[in-house]
1. Considering only residues of the stretch C:240-260 that are facing another protein chain (nearest Cβ under 7 Å) and not aliphatic (A, V, I, L, M), which is farthest from C:Pro326 (Cα to Cα)?
2. Can you tell me which residue among D:Leu34, D:Leu86, D:Leu90 is closer than 24 Å to A:Thr154 by Cβ, modelled with pLDDT of 95 or more and out of contact with any Phe, Trp or Tyr (no Cβ under 7 Å at 6 or more places or on another chain)?
3. Name the single residue that is farthest from B:Ser352 (Cα to Cα) among those in the stretch B:143-160 being more than 8 Å from every other protein chain (Cβ to nearest Cβ) and outside any helix (DSSP H, G or I).
4. Right, C:Leu40: out of contact with any strand residue (DSSP E or B) (no Cβ under 6 Å at 6 or more places or on another chain), in contact (Cβ under 8 Å) with a residue 24 or more places away in the chain, in a helix (DSSP H, G or I) and open to solvent by less than 30 Å² (accessible area, probe 1.4 Å) or not?
5. Could you tell me how many of the residues in the stretch B:132-152 are touching a residue at least 40 places away in the same chain (Cβ under 8 Å) and either polar (S, T, N, Q) or under 14 Å from B:Arg351 (Cα atoms) (or both)?
6. Residues in the stretch D:306-323: is at least one hydrophobic (A, V, I, L, M, F, W, C), without any contact (Cβ under 8 Å) to a residue 40 or more places away in the chain, at the interface with another protein chain (Cβ under 7 Å from one of its Cβ atoms) and not in a helix (DSSP H, G or I)?
7. For residues that are of a type outside the set (A, V, I, L, M) and assigned to a helix (DSSP H, G or I), scanning just the stretch A:1-21, find the one that is nearest to the other protein chains (Cβ to nearest Cβ).
8. Of the conditions (1) of a type in the set (Val, Ile, Thr); (2) facing another protein chain (nearest Cβ under 7 Å); (3) closer than 25 Å to D:Asn239 by Cβ; (4) open to solvent by less than 10 Å² (accessible area, probe 1.4 Å), A:Val329 satisfies every one except a single condition; which number is it?
4 protein chains.
Amino acid sequence: MSISAFDHPILSGLLGDAEIASHFTVEAEISAMLAFEAALARAQACAGLIPNDAAENIAARCNDFTPDLADLAKSFARDGIAVPALVKALRAHIGPPHEAQAHRGATSQDVVDSALVLRLKPVLSIFEKRILAIVSVLDQLSRDQGATPLMGRTRMQRAMPILAADKLHQWRDPLARDLTRLDELRPRLLVVQFGGAVGNRAGLDGKADAIVAKLARLLDLGAAPCWHVERDCLAEFCNWLSLVSGSLGKIGADIALMAQNEIGEIKLAEGGASSAMPHKSNPIKAECLVALARFNAAMLGAQHQALVHENERSGAAWTLEWLVLPQMVAATGAALNLTATLCDGLRFIDRSRT
Amino acid sequence: MSISAFDHPILSGLLGDAEIASHFTVEAEISAMLAFEAALARAQACAGLIPNDAAENIAARCNDFTPDLADLAKSFARDGIAVPALVKALRAHIGPPHEAQAHRGATSQDVVDSALVLRLKPVLSIFEKRILAIVSVLDQLSRDQGATPLMGRTRMQRAMPILAADKLHQWRDPLARDLTRLDELRPRLLVVQFGGAVGNRAGLDGKADAIVAKLARLLDLGAAPCWHVERDCLAEFCNWLSLVSGSLGKIGADIALMAQNEIGEIKLAEGGASSAMPHKSNPIKAECLVALARFNAAMLGAQHQALVHENERSGAAWTLEWLVLPQMVAATGAALNLTATLCDGLRFIDRSRT
Amino acid sequence: MSISAFDHPILSGLLGDAEIASHFTVEAEISAMLAFEAALARAQACAGLIPNDAAENIAARCNDFTPDLADLAKSFARDGIAVPALVKALRAHIGPPHEAQAHRGATSQDVVDSALVLRLKPVLSIFEKRILAIVSVLDQLSRDQGATPLMGRTRMQRAMPILAADKLHQWRDPLARDLTRLDELRPRLLVVQFGGAVGNRAGLDGKADAIVAKLARLLDLGAAPCWHVERDCLAEFCNWLSLVSGSLGKIGADIALMAQNEIGEIKLAEGGASSAMPHKSNPIKAECLVALARFNAAMLGAQHQALVHENERSGAAWTLEWLVLPQMVAATGAALNLTATLCDGLRFIDRSRT
Amino acid sequence: MSISAFDHPILSGLLGDAEIASHFTVEAEISAMLAFEAALARAQACAGLIPNDAAENIAARCNDFTPDLADLAKSFARDGIAVPALVKALRAHIGPPHEAQAHRGATSQDVVDSALVLRLKPVLSIFEKRILAIVSVLDQLSRDQGATPLMGRTRMQRAMPILAADKLHQWRDPLARDLTRLDELRPRLLVVQFGGAVGNRAGLDGKADAIVAKLARLLDLGAAPCWHVERDCLAEFCNWLSLVSGSLGKIGADIALMAQNEIGEIKLAEGGASSAMPHKSNPIKAECLVALARFNAAMLGAQHQALVHENERSGAAWTLEWLVLPQMVAATGAALNLTATLCDGLRFIDRSRT
């Protein structure tokens, strides 16, 4: 289907991000969910809550299990969540005598949230690498072309001369700070979710802490208190996404302005064609950066609405996150890719002598 | 792919709307684009701008033409628009001697915007029918159960008794007004887009008015001045979508509150299951209505950002619309479907004597 | 105080609107509240619910009553609403024997919402006049300078020549449609609020319809069912505000782009000075139009969140409206004033021969 | 004036924050601006750019200078900034021979941004203290009442029992994380702004680094590269504000739900009165928390739009910040105060045995 540009067979080529999207397929999500169930069984065996052979059997069955998507879809349409159907089918797949030991003490939200975090982990690494690469390209541009004189413009009017190095500095510094922010939020965000029905880790024979610690280690995530209703780390992450796309949007706005024919202080390696005007070369990637920045800014407002997460689980607030967060990730990924392409072959032009 | 819940194989079963989504497939969009090109050729023939046989040939070729999606995707990734590649391929499909007569005087935005409006037309009819059906069900509920006493609650506290009829009234009236608003905005929204490269309908031998009038008639849309950069009618439409989903969100919030165990003033035909608590019956569709309302409210803010559409065409503002509007349509469609299901079999419970 | 630019002694000179703000002072609000109470008493006397002399006495006392603001502030801080204290003080001012007849069958929301609508009425007239004036100035500009050649620019690149008349057309048409929309929404918006404690107009001896009809006539508003929890007409009005400011934002963006030194296709009568660069003339009013458009777009999202108005009165949703709507009105007023100033003395410059 | 609830003589008693507002008065802003000018002169003297006696004279004159507000308002209305008029008046106040040494190498944005940061510094301290106090009260509540059984509720349905300690944990933990985040962002946010006309610190005889370092020390701020167009730290701060108010909004939503008559798991020390129903006790402060959370969430979207800050200074993006940031600060302050009051005297009620 193609309601969203990020899923659209044509639009996603420019506005989407295939590498990031691969972590948001149904298959990737189910695989992460099963990884959680397997690790949970093992952690519970390790803590002595369930037998070792039950855990090994569950883990093995998680590994060779392929759920029926139509069945999950039906469950989701009925229950607002696909986990009950997934667990039921998984238990049938496990069969006696260990089936009842799977998903023990867990609730749907444990599975869904942990599966999200498991996939955000590689996403953060990808984003980090891309930002580092862009920073490095901007630094190289500064070394190569930093001495090129440009006109500094304030309030859309010519002000005083600057150098390309000044401009590159403005583009680069927020991204460098975003890397610092990423280091700060990572340990808060990349933590396992495990709370059980109402978040109090009941029914675990007093072994909750040991189970969570082991579960986290097995999944290579941090351990943390249950955060079923504490959505601040997700909102903080979305802020980070919009900081990144917003700073890239500034680069896009600058490029589109500098590439105006009468100004011509920048030249791109490639431009977009027009169906009516073959002579044109449109800075379409720069414009997309502005669109993605404005999109993420508005979506961030939506994600923050989900902070008002009532009681021990809010179907309304949680569902809202599902509508928002993956798109913000995709938009940021696309913006990073577009920026990398734009910077490649970008040339500043000295117009001070014309 | 499944970045967006509306395109997600599992989530779209609850949060999406297959009937509406069918108008937002690539196939539906291309089909509408080709319908525009065919009608344009015929309108130009009718006005004497191009020969009749050219028009008939172009229209026939539009009819049996299937573009290569990969080619369009490549064009989109390069040009930020797929129309140049589509027109090029269509012209190759038409071949000599009429190929040059296709897309005459048109620009990409004419094709894309008109193709959007052509698909919004049936969408409006679907929405109208669904709202009418909900209003009718609410009226029937009022006739059947309107005398049931309920507790009126203000600021989350018991206030004074009301009747179910009062509650149904609150739910129904905004929807009835939305039908009026739909009648008002329809003639503004459902108009053909035709402006050429910079919106001034140049290069048409002074036949622009006749062509637009005929083009609109052929497409069964209204005629209007070029609205390349006047995006108010799209923003108005998105406001309408969010008014609808917002009013349905109020119904959802009410149902979720009334269905609380201790209050129990409403009973739904069906509830959602929990993976950890088999005794529960969750008002998940009601919660989804709240989530969809909050999503659309935030997205409306994004669409209104796109009103700042600079110069004669803004790639930034236009692209932003593509990221927003289809999702708002899908969210509204899903909310209408969920409301219809929720109202079906809904029972108000008199708790005044307990 | 000066938390908001619209209330700021310095910033409001540019970003505010003194004429509009005069309808949003405490004094204007209290005056409208008392007008409601007076009209309510008279309408209830007319319907035979309370004695005529009670009504005349109440109306007279409403007229010579000045409540103690500090007392209202204390009430608001305690009750989240100032009406209970206002009514109590008003009743003390009326004294025996008629005091109990004041505010009969009414609730705080009736007073607050009606007082809002009473003040929006003159605001709509002011906005209508200003839009008409701008449309008329744009038409005059078209007659005077419409033939001036300009460069049409798409995706921030030179495309094909247009005329100033084309540009003026783009600026003018959305505003003309906004006048039509105003006519459509006015009868929905300008209606009296009267519902009593839980919106069902209880305790009025079956005279509710007659009272509402008379009340509406006395206040020169429309009659309508109680809309305590049906906030669609307010959200629709905010959409209208953002449509207006958004279309003006497009004018602002165009002017700022055209006024760039290298492009110079427009000349403003006046520009802003810089503390560091005396040679500059900044298109600050044009930039403000963009800022106000983006502000209103985001605020519109907030107002639509308030559509999810639970039960028979939501303190959360209602309070949110108070935080949003007046600012959107002020922002729109300021944008209209700035546009009028900008258009005054604006000159298009033919650069095609340079 | 009273366009904004935060500036409204009546509404600000509940929705505003007098302590925070005192840092956003015109007087506070001008005082901070003059502190910047004084420190700048001294830093430049220290670096040998201007004579010592000039610096001391300028600093003394900054100290006894009271600008004419009407004059600044006129300047703002004309220039979109009040600094040119302020500097002109300050120079007249300084008089010969040192007048020309004031504001040397600085631009309006240096003054305005630094004056903002200077006032945000005490604001951060106030917020930190308030959050610490709330965390401490929640901890005390946990010690005193943590063992009280409550019903855990998921998706608005009774699920499984929890303890008050679990609920208090959910409320407390995000606030504790916000304290960590505050420590992280503080050194990024509390830095001096100094860049000159186009941000490149020109015209300072190569003494820029020394001047900035000294200027920062004198103002007790951090030193940093010019951030005229790098608005990420302000957007990050606004995210922090909305994280705080969002987490408090969750507390408000919980309280309003738990205080429902039929549920009654919480009792507040005080409730709000109703004009129509004297028997009611409304959780109005809890509702305000929800309203403020939703307001800030939407405003955050607006602030992030301002990340797209074009060229070397964007009047549009910068002005948008002025419309948004102070209100977010005020809303957060009010939410913290309301939460403190709500927690004071709050009692959890064991309903498990009824």
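1. For the stretch C:240-260, the residue satisfying everything is C:Gln260.
2. D:Leu86
3. So, considering only residues that are more than 8 Å from every other protein chain (Cβ to nearest Cβ) and outside any helix (DSSP H, G or I), the one farthest from B:Ser352 (Cα to Cα) is B:Gly146.
4. yes
5. Total satisfying the criteria: 5.
6. yes
7. A:Gly13
8. Tallying (1) of a type in the set (Val, Ile, Thr); (2) facing another protein chain (nearest Cβ under 7 Å); (3) closer than 25 Å to D:Asn239 by Cβ; (4) open to solvent by less than 10 Å² (accessible area, probe 1.4 Å), A:Val329 fails exactly one: (2).
The values are calculated or read from the model by the stated rules, or taken from the named source; none is laboratory data. Everything numeric here is computed off the predicted structure, so don't read it as measured data. Using ideal geometry, Cβ is built from the backbone for each residue, glycine included, and neighbour counts are taken over all protein chains shown. Ligands, DNA and RNA are stripped out before the accessible areas are found, and what is left, the full protein with its side chains, is counted by its heavy atoms. Shrake-Rupley method; radii C 1.70, N 1.55, O 1.52, S 1.80 Å.
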